[in-house]
Amino acid sequence: MPSPEPARRSPLVPLLAGQSTSHFGSQLYDIAMLLWLYQATGSAAAMGAAMLLSNLPEAILSPLGGALADRFGRVRTMIVADVASALSVVAVAGILWSSAPLAVKIGALSVGNVLLGLAAACFDPAATSLLPSLVRPSNLGRANAAPRFSTTGARVLGQGCGGCVFYALGIVGAFLA
């Protein structure tokens, strides 16, 4: 009697896992960054400016990110964007951990947030455009809903965990997490 074939894993699973992990980390970073900024400055305006610096590049440059993904490859674009994000966060964490003046720390955080926004402007369009090549056309409707579901779940969990991780590990620990 022949052995049964192992169940095939959908090629969508690694994409969803990667997107979920990336969005979870982004939300954890955002919450920890906002808490640190408020502790350091007491300014809601500084918090708003920091989020603007994170989100504005993505909002404006996402079409360019899609063009880059088409030119250099979707998976390659996603990997480069995630590595750039990780390096930005590690660099900012190092500066925040240092004894640099507060103005330098806030400047580094601002530059890091712009870089994170630029990376997201490349990552998200590349991930979205990858879907049709991973699933059959008849499954594309469900496949389009799956990343949205996993991203939203990861964002909710990341925001919920961000404050706890910040409290337990401090700003540098939260960024590195």
Task: Output for region 148-177, where each listed residue is of a type in the set (S, T, N, Q) and out of contact with any helix residue (DSSP H, G or I) (no Cβ under 8 Å at 6 or more places or on another chain) - done: T152
Open item on the list: Can you go through G112, G94, G73 and tell me which one is at positive phi, of a type outside the set (S, T, N, Q) and surrounded by 14 or more Cβ atoms within 10 Å (Cβ to Cβ)?
Closed with: G73
Task: Scope region 125-177; condition of a type in the set (F, W, Y) and farther than 16 Å from P14 by Cα; matching residues - done: F166, Y167, F175
Task: region 97-109 - residue that is touching a residue at least 60 places away in the same chain (Cβ under 8 Å) and not β-branched (V, I, T) and, of those, surrounded by the most Cβ atoms within 10 Å (Cβ to Cβ) - done: L109
Open item on the list: I want to confirm something. Restricting to region 115-155 and keeping residues that are over 20 Å from I79 (Cβ atoms), touching a residue at least 24 places away in the same chain (Cβ under 8 Å) and open to solvent by 20 Å² or more (accessible area, probe 1.4 Å), which single residue is farthest from the chain's Cα centre (by Cα)?
Closed with: V135
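The values are calculated or read from the model by the stated rules, or taken from the named source; none is laboratory data. Please read all numbers here as calculations on a predicted model, not as lab measurements. Ideal geometry is used to build each Cβ from the backbone, glycine not excepted, and the neighbour counts take in all protein chains shown. Calculation scope for accessible area: heavy atoms of the full protein, side chains included, ligands and nucleic acids excluded. Shrake-Rupley method; radii C 1.70, N 1.55, O 1.52, S 1.80 Å.
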